[in-house]
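Note sheet for the following structure.
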Amino acid sequence: MLNKKIIEFENLSKLNYKFNKTFIKRISNSKNIKSYILGKNLNIFEKNFALYLQTNKKVIGVANGTDALTISLKSIQNKIKNENKNEIIVAANSYYASILSIINAGYKPILVEPNFHSYNINEDLIENKITKKTAGIMAVHMYGKSCNLNKIYSICKKYRISLIEDCAQSHGAKIGKKFTGTFGDYGCFSFYPTKHLGCLGDGGAILVNKKDEINIKKMRNYGSILRYKNDILGVNSRLDEIQSIFLNIKLKSLDKIIKKKRLLANLYFERLKSDYILPIIEKDKFDVYYTFNIRHPRRDKLKKYLFKNNIMTDIHYPLPAYKQKALKNFFTEKYQISDEIHKTILSLPISFNNTENQIKKICNIMNKF
């Protein structure tokens, strides 16, 4: 049995419990599920999520967030038809899955150091990496904070390259009044259970312009839009009806989830002492705090100290992708800023389940470290 004194980092069973009653009622009614793949519930979710994002672009459900990225990147290949354009620029501190999707789509990832304060790609360093081989820029919105998309979008326009947004951690994040995912040629979302809009398993979606809708729908379904008629080389990656039902239910609470996490984040900002490097606040950015990350030179000791005080934490991420064994032959450069971030960053509890009193307690204990 869980120690009641423990402050959990996340508890998915508890998080989803509040949605289960409606979900079970929906799936128990056979009228709600007449097709398990590419059915009406997926269509409803795709329309509802586009409405939430306040966009005329089309949402296309896929099996997971990594597939959303990979399919989008492959779609670029079909459009440029230039074998020499085989490079995608991405932040060096991005999660492994983001870089893996670039490789699996047949591109070479070109890493750029992140900004030391926002943890997103440093847009001032991007143009130094652009060559005749550059096909696009992947803007990974780390920890629920949007990249500087206005500047990155301008760069893409200048060099006539594609912009792919990795929104796996930024559901509901905005620049001004515009949501992440709506700036790029492709907005890629993950609905992995820990996300703000998480389902009960894997799930993902791609936000695209109307002109790309049919092509992406073909790619997710074996290259087919009509049964047994395969026009292009596609994959099997579809968001199923069960997950779509759950996402439709949870989508109604997404703003409530974000509001609660922003409230908890404000408590950290107000109460943590200056020993900790806190997330940067930018006036034009609406951050949604997928994780609340602080940095400290004695990160590992701090983590152990908090564990001894029954506070669970996590590290996003302990080892950079370019140092993973699977990618050892892909990168030769050193990325000192990214290395420093990976060595010092720590994710504190900021779940929808956490209470204000729990965050106040965490701050009191951390201020004694």
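Looking at 167, 188, which is the one that is in contact with an Asp or Glu (Cβ under 9 Å, 6 or more places away or on another chain), more than 18 Å from residue 322 (Cα to Cα) and not basic (Lys, Arg)?
After ruling out the rest, the residue left standing is 188.
Tell me which strands (runs of 3 or more DSSP E) are completely within region 81-185 and hold 1 or more residues being farther than 26 Å from residue 50 by Cβ and free of Cβ contacts under 8 Å to residues at least 24 places away in the same chain, or say none if there are none.
Per the criteria, 108-112.
Please identify the pairs in which a residue from region 197-220 that is closer than 20 Å to residue 180 by Cβ has its Cβ atom under 7 Å from the Cβ atom of a residue that is in a helix (DSSP H, G or I) and small (Gly, Ala, Ser), counting only partners at least 6 apart or on another chain.
Listed pairs, sorted by first residue: 204/65; 204/68; 205/68; 206/68; 206/72; 212/75; 216/75.
Touching a helix residue (DSSP H, G or I) at 6+ places or on another chain (Cβ under 8 Å), surrounded by 21 or more Cβ atoms within 10 Å (Cβ to Cβ), assigned by TED's automatic domain parsing to the domain that holds residue 193 and of a type in the set (S, T, N, Q), is that true of residue 41?
Against the criterion (touching a helix residue (DSSP H, G or I) at 6+ places or on another chain (Cβ under 8 Å), surrounded by 21 or more Cβ atoms within 10 Å (Cβ to Cβ), assigned by TED's automatic domain parsing to the domain that holds residue 193 and of a type in the set (S, T, N, Q)), residue 41 qualifies.
Take the conditions in the same structural domain as residue 362 (by TED's automatic domain parsing) and without any contact (Cβ under 8 Å) to a residue 12 or more places away in the chain and apply them to residue 300. Does it pass?
Judged against the criteria, residue 300 is a match.
Residues to consider are 80, 71, 76, 103; find the one that is in contact with a Pro (Cβ under 8 Å, 6 or more places away or on another chain), closer than 27 Å to residue 232 by Cβ and not small (Gly, Ala, Ser).
Of the residues listed, the single one that is in contact with a Pro (Cβ under 8 Å, 6 or more places away or on another chain), closer than 27 Å to residue 232 by Cβ and not small (Gly, Ala, Ser) is 103.
Can you tell me which residues in region 311-362 are part of a helix (DSSP H, G or I) and either over 19 Å from residue 294 (Cβ atoms) or not assigned by TED's automatic domain parsing to the domain that holds residue 273 (or both)?
321, 322, 323, 325, 326, 327, 336, 357
Here's a check for you: in region 186-198, which residue that is in a loop (DSSP other than H, G, I, E, B) and not polar (S, T, N, Q) is farthest from residue 209 (Cα to Cα)?
Looking at the filtered set, the residue picked out is 193.
Mind counting the residues in region 188-222 that are in contact with a helix residue (DSSP H, G or I) (Cβ under 9 Å, 6 or more places away or on another chain) and either assigned by TED's automatic domain parsing to the domain that holds residue 351 or among the aromatic types (Phe, Trp, Tyr) (or both)?
So the count comes out to 3.
Go through 278, 348, 327, 272 for me and flag whichever is surrounded by 12 or more Cβ atoms within 10 Å (Cβ to Cβ), hydrophobic (A, V, I, L, M, F, W, C), under 25 Å from residue 113 (Cβ atoms) and touching a Leu at 6+ places or on another chain (Cβ under 7 Å).
278
Within region 164-178, is there a residue that is under 25 Å from residue 85 (Cβ atoms) and surrounded by fewer than 24 Cβ atoms within 10 Å (Cβ to Cβ)?
Within region 164-178, none of the residues are under 25 Å from residue 85 (Cβ atoms) and surrounded by fewer than 24 Cβ atoms within 10 Å (Cβ to Cβ).
When residues of region 35-80 are filtered for being assigned to a helix (DSSP H, G or I) and over 19 Å from residue 167 (Cα atoms), how many remain?
So the answer is 9.
Looking at region 243-250, can you tell me whether even one residue there is surrounded by fewer than 16 Cβ atoms within 10 Å (Cβ to Cβ), on the phi < 0 side of the Ramachandran plot and of a type outside the set (A, V, I, L, M)?
No - not one qualifying residue is present in region 243-250.
Can residue 283 be described as more than 20 Å from residue 91 (Cβ to Cβ) and at pLDDT below 95?
Yes.
The values are calculated or read from the model by the stated rules, or taken from the named source; none is laboratory data. Worth saying up front: this structure is predicted, and the values here are computed from it rather than measured. Note: ideal-geometry Cβ built from the backbone for every residue, glycine included; neighbour counts use all protein chains shown.
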